[in-house]
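Student: Please see the structure below; I have some questions.
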Amino acid sequence: MPDKKDIIILAIESSCDDTGASIIHNGKIQSNIVASQQVHEQYGGVVPELASRAHQQHVLPVVDAALKEANVQSSALSAIAFTQGPGLLGSLMVGASFAKSMALGLDIPIIGVNHLDAHVLAHFIDATEVKFPYLCLLVSGGHTQIVKVISPEHIEILGKTRDDAAGEAFDKAAKMLGLPYPGGPVLDKLAQKGDPLSFKFPDSRVDQLDFSFSGLKTAVRYFIRDMPETNPNFVEQNLNNICASIQHTIVSYLMRKLIKAVKETGINEIAIAGGVSANSSLRNTIQSKAAELGWTVHIPALEYCTDNAAMIAQAGHFQYLADNFVGQDAVPYARLGK
Ligand code: KG4
Ligand code: ZN
């Protein structure tokens, strides 16, 4: 049985295009290093093969930097956690193989972490005031879900997207507007100088707590195609207003579903997580709704919203306490099986 007194875990994140490593000591994050990949910008999206290669280049320096910043020798590690899925298979393979080899060399256990659970559990980084059960709106580039977090080991999905993720909706709309990749943060910035009510875009009417963003994507495409008929510079001249209106549509839609989830479950301990939780409008809107409706709301620090290894370390720490390890035969999974 692994020692539970002095737990030092190295975590590696490589699910998409960021290579991350983090050290957590007795539940406290000691370092959080991320190497982002600029190579994808020119292609307007993540190119999986290039991502895998860049992870190969970054993983060792990033792990070294995480150990160094935490002032930890690899011989002191209790376990190594890695992102097992979901994500790009080639990217996941790099982190998984590295973690397994290093753990084998050090003769310590390995922990396979679910990337989405880690986003949801990122609220425990540097904080202990989150209370179970809580509802979490998980909005990233690959997933959109509302989950009920009963405990670190028991996370129930109440609703999910049937097509695109919220981050994808931001990125695809931004791409159609000619903005650089990843478009979400760029669109957010432009929207801050625009009027969110200047244009009306439809959202989707899917049932229950599920989401759909494909209708919005089509509406934005037709809007951009049809509007210049009146003025060839229409998009350029109205960019801030268009961005603000698209953002308003997405954020209002997310909020409507979240309010519905609160009504249905009676839980008003609320959190947001994932890359889109960095969105300024979502952060502001949820704060004001929380004040209006009496919710307790948890919003992660910006560095823990987008992909990072500290959240893998935090989830890994919980798994270590629960003796939830994987063997050397563990394989990454691209898609969500849960
Ligand atoms: O969680 P994340 O880093 O990676 C995934 O697991 O997918 O999320 C990345 C997504 C991208 O779609 C990106 O455009 C979006 O988060 N994003 C934002 C903002 N910052 C990141 N979307 C809207 N506003 C932002 N400020
Ligand atoms: Zn993510």
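The values are calculated or read from the model by the stated rules, or taken from the named source; none is laboratory data. Worth saying up front: this structure is predicted, and the values here are computed from it rather than measured. Heads up, the Cβs are rebuilt from the backbone with ideal geometry, glycines too, and the neighbour counts pull from every protein chain shown. SASA here: full protein model, heavy atoms, side chains in, ligands and nucleic acids out. Shrake-Rupley method; radii C 1.70, N 1.55, O 1.52, S 1.80 Å.
Student: Tell me the relative contact order for the chain as a rounded percent, counting alpha carbon contacts under 8 Å between residues six or more apart. Write down the numbers at each step before the final one.
Tutor: Details: 714 pairs, mean separation 81.5, N = 338.
RCO, the chain: 24 percent.
Student: What's the whole-number percent of alpha carbon pairs in the stretch 149-215 lying beyond 20 angstrom? Write out the running numbers ahead of the final one.
Tutor: Working: 998 of 2211 pairs.
Tail fraction, whole percent: 45.
Student: In what sequence, highest mean first, do 108-115, 273-280, 290-297 appear when ranked by Cβ atoms within 10 angstrom? Before the final figure, lay out each step's value.
Tutor: Numbers: 108-115: 22.6, 273-280: 24.6, 290-297: 13.0.
Averaged packing, sorted descending, gives the order 273-280, 108-115, 290-297.
Student: In terms of the Cα gyration tensor, with a ≥ b ≥ c the square roots of its eigenvalues, is the stretch 31-74 rounded because a/c is under 1.5, prolate because a/b exceeds b/c, or oblate?
Tutor: Numbers: a/c = 4.78, a/b = 2.62, b/c = 1.82.
Since a/c reaches 1.5 and a/b is larger than b/c, the shape of the stretch 31-74 is classed as prolate.
Student: Hey, another quick one. Rank 45, 125, 313 by how far each Cα sits towards the positive end of the charge dipole of the chain (+1 on Lys, Arg Cβ; -1 on Asp, Glu Cβ) and give me just the farthest.
Tutor: 45
Student: On to the next question. What 222 nm value per residue comes from the helices of the chain, counting each DSSP H run with n ≥ 4 as -39,500 (n - 2.57) and dividing by all residues, nearest 500 deg cm²/dmol? All intermediate terms of the calculation are to be shown ahead of the outcome.
Tutor: Details: 10 runs with 139 residues, N = 338.
Computed mean residue ellipticity for the chain: -13000 deg cm²/dmol.
Student: Let me ask something else about it. Work out the length of the dipole vector of the chain about its Cα centre, built from +1 on the beta-carbon of each Lys and Arg and -1 on the beta-carbon of each Asp and Glu, and round it to the nearest 20 debye. Display every interim value, and only then the final one.
Tutor: Values: 27 positive and 34 negative charges, 139 e Å.
Dipole of the chain, to the nearest 20 debye: 660 debye.
Student: Okay, moving on. How big is the Cα convex hull of the stretch 11-144 in projection, averaged over all directions, in nm²?
Tutor: On the way: hull surface 34.1 nm².
Taking a quarter of the hull surface, the average projection is 8.5 nm².
Student: I would also like to ask the following. Per the Cauchy relation, a quarter of the hull surface: what is the mean projected area of the convex hull of the alpha carbons in the stretch 246-293, in nm²? Before the final figure, lay out each step's value.
Tutor: On the way: hull surface 13.0 nm².
Over all viewing directions, the stretch 246-293 projects a mean Cα-hull area of 3.2 nm².
Student: Still on this structure: Near the amide H of residue 79, under 5 Å away, which other amide H atoms are found, from residues 5 or more places off or on another chain, if H is placed in the peptide plane?
Tutor: Residues meeting the criterion, in which the H sits 1.01 Å from N, are 8, 10.
Student: Let me ask something else about it. Determine which lysines satisfy two conditions relative to residue 172: a Cα distance under 27 Å, and not lying fewer than 8 residues away in the same chain.
Tutor: Residue 172 reaches 160, 189, 193, 200, 217, 257, 260, 338.
Student: So what are the radius of gyration and Dmax for the Cα set of the chain, in Å?
Tutor: According to the Cα coordinates of the chain, Rg and Dmax are 20.4, 71 Å.
Student: Can you run phi through the Karplus equation (6.51, -1.76, 1.60; θ = phi - 60°) for the stretch 73-78 and list ³J(HN,Hα) in whole Hz, with x for Gly and Pro?
Tutor: 7, 4, 5, 8, 5, 8
Student: Taking the inverse of the average 1/r across all pairs of different Cα atoms in the stretch 130-300, what Kirkwood radius in Å do you get? Mind dumping the intermediate values first?
Tutor: On the way: mean 1/r = 0.0611 Å⁻¹.
This gives a value of 16.4 Å.
Student: Amide H of residue 272 versus every other amide H placed in the peptide plane: which residues, excluding those fewer than 5 positions away on the same chain, fall under 5 Å?
Tutor: Residues meeting the amide H criterion: 137, 298.
Student: Convert each backbone phi in the stretch 34-49 into a coupling constant with the Karplus relation 6.51 cos²θ - 1.76 cosθ + 1.60 (shift: θ = phi - 60°), then list the ³J(HN,Hα) values in order as whole Hz, x for Gly and Pro.
Tutor: Result, rounded to whole Hz: 10, 10, 8, 10, 7, 4, 7, 3, 5, 9, x, x, 6, 9, x, 5.
Student: Here is a follow-up. Could you please report the charge total around residue 258, scoring K, R as +1 and D, E as -1 over all other residues with beta-carbon less than 15 angstrom from its beta-carbon? It would help to have the intermediate numbers written out before the result.
Tutor: Working: positive: 148, 160, 256, 257, 260, 263, 283, 289; negative: 203, 210, 264, 269, 292.
So the surrounding residues net to +3.
Student: Also, quick follow-up: Write down the percent of antiparallel bridges among all DSSP beta bridges whose residues are both part of the stretch 130-300, to the nearest 5.
Tutor: On the way: 12 of 20 bridges.
Roughly 60 percent of the DSSP beta bridges within the stretch 130-300 come out antiparallel.
Student: Moving to a separate point now. Let me understand the stretch 84-139 better: what is its radius of gyration from the alpha carbons, and its Dmax, in angstrom?
Tutor: When restricted to the Cα atoms of the stretch 84-139, Rg and Dmax are 14.6, 40 Å.
Student: Related question: Taking the Cα centre of the stretch 130-300 as origin, work out the dipole magnitude from +1 charges on Lys and Arg Cβ and -1 charges on Asp and Glu Cβ, in debye rounded to 20.
Tutor: Value, rounded to 20: 120 debye.
Student: What are the ³J(HN,Hα) couplings of the stretch 157-166, residue after residue, when phi is run through the Karplus curve with 6.51, -1.76, 1.60 and θ = phi - 60°? Round to Hz, x for glycine and proline.
Tutor: So the J values, rounded to whole Hz, are 7, 8, x, 8, 6, 9, 9, 6, 8, 4.
Student: When all protein chains stay in place, what accessible area (Å², nearest 10, 1.4 Å probe) is found for residue 162?
Tutor: Per-residue accessible area (residue 162): approximately 130 Å².
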